[in-house]
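Below: the structure, in structure tokens.
The values are calculated or read from the model by the stated rules, or taken from the named source; none is laboratory data. Predicted, not measured: the structure shown is a model, and the values here were computed from it. Here the Cβ is made from the backbone with ideal geometry for all residues, glycine too, and neighbour counts use every protein chain on show. With ligands, DNA and RNA removed, areas are computed over all heavy atoms of the protein, side chains included. Shrake-Rupley method; radii C 1.70, N 1.55, O 1.52, S 1.80 Å.
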Amino acid sequence: MRSPAEDQLSLYMERHGINAEHLRFDQSCHSVAEAAEAVNASAEDFVKNICMIGVNDELIVAIVKGEDMASTSRVATLLGIERPRLANGEEIEARTGYDFGGTPSFGFEAVWLIDERVLEKESIFTGGGSAKSLVKMDVKELLRANGGTVARIRR
């Protein structure tokens, strides 16, 4: 049975014509390692959505490959702002509408930044709305779905 957050994401995908596969598991996919095990893939097949809060209270999502880390200083430089802080789980859920540990790479209002290394992959896995779901999609569809800016934002 899907969670309300998973239903919300499925409906968003349907309404916006997002061509992707929404996958549900009995096991946790909260960490990249758990998610990789669930789909028998490696960390480099995943993206992480690092949620940050800017000084003007805007939500910034830095999308990096599963094995990479996002750099708050690079994000600040790119956006011409003071260094943002990492959002906590409660803020992520309140601002995105999705469960912490399952935040998708699209589907809510944010400033979207995509690390250039993500484009090295043809397709990726991202959060599926809960800690027990994933979305598999082409990178080109990811770019279309969130309209993000591509730049170097990893450490």
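Taking label points 7 Å from Cα along the Cα-to-Cβ direction, residue 109 and residue 94 give a separation of 1.5 nm.
Distance between the modelled labels on residue 140 and residue 27, one decimal in nanometres: 3.3 nm (7 Å Cα→Cβ projection). Of the listed residues 16, 22, the order by accessible area with a 1.4 Å probe, largest first, is 16, 22.
The gain in end-to-end length when the residue 37 to residue 85 segment is fully stretched comes to 14.3 nm, 0.36 nm per residue minus the alpha carbon separation. Ordered by solvent-accessible area of protein heavy atoms (1.4 Å probe), largest first, the residues 77, 126 come out as 77, 126.
Sparse packing (at most 11 other Cβ atoms within 10 Å of the Cβ) combined with a DSSP loop state is found for none of the chymotrypsin sites (Phe, Trp or Tyr not before Pro) in the range 88-143. Using P(r) over Cα pairs in 5 Å bins from 0, in percent as the read-out, say which of [x] 1, 8, 16, 21, 22, 17, 10, 4, 1; [y] 2, 10, 21, 23, 23, 14, 6, 1, 0; [z] 2, 9, 17, 20, 19, 14, 10, 6, 3, 1, 0 was calculated from these coordinates. Among [x] 1, 8, 16, 21, 22, 17, 10, 4, 1; [y] 2, 10, 21, 23, 23, 14, 6, 1, 0; [z] 2, 9, 17, 20, 19, 14, 10, 6, 3, 1, 0, the one derived from this structure is [y]. Under a model in which nothing but the beta-carbon of Lys, Arg (+1) and Asp, Glu (-1) is charged, the range 32-130 shows a dipole of about 240 debye around its Cα centre.
Label point of residue 15 set 7 angstrom out along Cα-Cβ; within the range 29-63, no amide nitrogen lies under 15 Å from it. Between residue 151 and residue 122, the contour length at 0.36 nm per residue exceeds the Cα-Cα span by 8.7 nm.
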